[in-house]
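Pasting in a structure now, in C-alpha cells, and then I'll have a few things to ask.
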Amino acid sequence: MHCRAVNFSVLFRWFITALFCFSLTNAQENDSLNYPVPSKAGMYALLFPGAGQVYNGKFLKAGLLVTLEVLALWRYSENSQLYETYDESTHSLGKGRYLEKRNKYVWWAAFIYIYGFLDAVVDAHLHPFDQVMEEDLEAEKNSNDKE
C-alpha cells in the first residue's frame, strides 16, 4: 500500500512537471495580451458613456461622447421643465414645441449611448488592425518555406 502512494506521488510530480513544460512551450505571445478585449470594452461602455473608449485608449473620443451625452441630457431636462411649467405669457414657443424638443433630446441621448457602446466594441476588435496590415506576409511566408 505504501508503495502505491510513492508511485502515485512520483507520477503526480511528473505530471505537474510535464504540464508546466507544456504550458511554457505553448503559451501565447506577450504582445497578444495587450490588445483590448471587445466584451470588456462593451461592458465598460454600458456602465458609463465613454468608459469603453477610455478602456481602448481613445481619450479624446471618450471626452467627446461624455460631453455630448451630458449636453443631450441637460437639454432634455431643460425642455422637460419648460414643458411642465409652461405659461403662455413667459414662453415664446407653444407647449407642444417644448414636448417635441424634450423627446428629441432624449432620443439623442439614447443614440449617443448606443453609438458609444458599438464604437467601443468595434474599436476593440480593430485595435491590432494597423499592426497586422503592416506585416510583410510574403517575407514571413518565404522565411517559413526556408525552414
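Derivation of every value follows stated rules applied to the coordinates shown; laboratory data play no part. Keep in mind the model is a prediction, meaning the values are calculated, not measured. All Cβ positions, even for glycine, are placed from backbone atoms using ideal geometry, and neighbour counts span all protein chains on display.
Among Gly63, Gly52, Gly96, Gly42, which is the only one that is among the small types (Gly, Ala, Ser), farther than 30 Å from His125 by Cβ and assigned to a helix (DSSP H, G or I)? Don't jump to the end; show me each part of the working.
Working: Gly63 fails: farther than 30 Å from His125 by Cβ; Gly52 fails: farther than 30 Å from His125 by Cβ; Gly42 fails: farther than 30 Å from His125 by Cβ.
Result: Gly96 is the single residue among Gly63, Gly52, Gly96, Gly42 that is among the small types (Gly, Ala, Ser), farther than 30 Å from His125 by Cβ and assigned to a helix (DSSP H, G or I).
Next up: Filter the range 66-106 down to residues that are farther than 29 Å from Ala45 by Cβ and touching a residue at least 12 places away in the same chain (Cβ under 8 Å), then give me how many there are.
Matching residues across the range 66-106 total 6.
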